[in-house]
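Peer 1: Got a structure here, written out as structure tokens. Questions coming.
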Amino acid sequence: MKTFIFLMLLTCGLVHSVAAADGGVAEFDKLQMSYQGAVERETAPLRDKYLSELQKLRDSYARAGNLAGANVVQAEITAMNQQIAFAKTGKRAPTGATSVAAANGGIPAAGAELPELRWFVGKTWLTNAMTKWKFEKDGTGERERGGVKVATFTWRLLPSGTLEILERAAPDKPVTKTFLRFKNKFEALFGSSEASLTERLHYE
């Protein structure tokens, strides 16, 4: 209750300043920053506890071999960390329009290193060599070339926001590891390590 009263008084005081300044943008920014700061101070402990429990649940799923469950929880952790990052820098999360504009400009949108599952789960992405990568929601997938399946794989979202893909062309073939990072919902890069993502992948 005390926090609520404080926020109300703070809001009223700053709104008065805004009115006195004929709706000046600077005063609005101060009001917004004060509000966001107060909310952050009040919600940070609850958020940190939530993140801690999410990490425990993810690890529990991983130990039990529940890849799909672990990926879903990791996606929530990634989304929470993205919100925290934007809150600390005083920025809003990028909108769809921002993502599209950045994609058209050939540069990644802010925060695009933290992908959303809807960008790729249940969808098909295509390489420059015309190989199709299909991602399923259970953490599995397959690669096709010319309409023929050439490999199956499993995927998981790493804390860095990169996808780790473990692929096997045949039961008697060794498992190969590929890393994939989404620049936005239209374009991604992949390679043999997180530090070497040189091949392009785009949404079909």
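Peer 1: For the range 20-53, how many residues are in a loop (DSSP other than H, G, I, E, B) and at pLDDT 75 or above?
Peer 2: Within the range 20-53, the subset in a loop (DSSP other than H, G, I, E, B) is 21-24.
Next, from what is left, pick out any that are at pLDDT 75 or above: none.
Count: 0.
Peer 1: Let me ask another. In the range 139-151, which residues are outside any strand (DSSP E or B) and exposed (fewer than 13 other Cβ atoms within 10 Å of the Cβ)? Break it down into steps so the answer makes sense when it comes.
Peer 2: Within the range 139-151, the subset outside any strand (DSSP E or B) is 139, 146-147.
146, 147, listed by residue number.
Peer 1: Inside the range 152-204, can you point out the residues that are polar (S, T, N, Q) and either within 13 Å of the chain's Cα centre (by Cα) or surrounded by fewer than 13 Cβ atoms within 10 Å (Cβ to Cβ) (or both)?
Peer 2: Step one: list which residues in the range 152-204 are polar (S, T, N, Q), which gives 152, 154, 160, 162, 176, 178, 184, 192-193, 196, 198.
Within the range 152-204, 160, 162, 184, 193, 196, 198 qualify.
Peer 1: Under 6 Å by Cβ, and 6 or more places apart or on different chains, what pairs join a residue from the range 30-56 that is more than 17 Å from residue 78 (Cα to Cα) with one that is surrounded by fewer than 14 Cβ atoms within 10 Å (Cβ to Cβ)?
Peer 2: The qualifying pairs are 42/3.
Peer 1: Check residue 121 against each of (1) modelled with pLDDT under 75; (2) crowded, with 16+ Cβ neighbours inside 10 Å and name the one condition it does not meet.
Peer 2: Here residue 121 clears every test but (1).
The values are calculated or read from the model by the stated rules, or taken from the named source; none is laboratory data. Computed from a prediction, not measured in an experiment: that's the story for all the values here. Note that we place each Cβ from the backbone using ideal geometry, even for glycine, and neighbour counts take in every protein chain shown.
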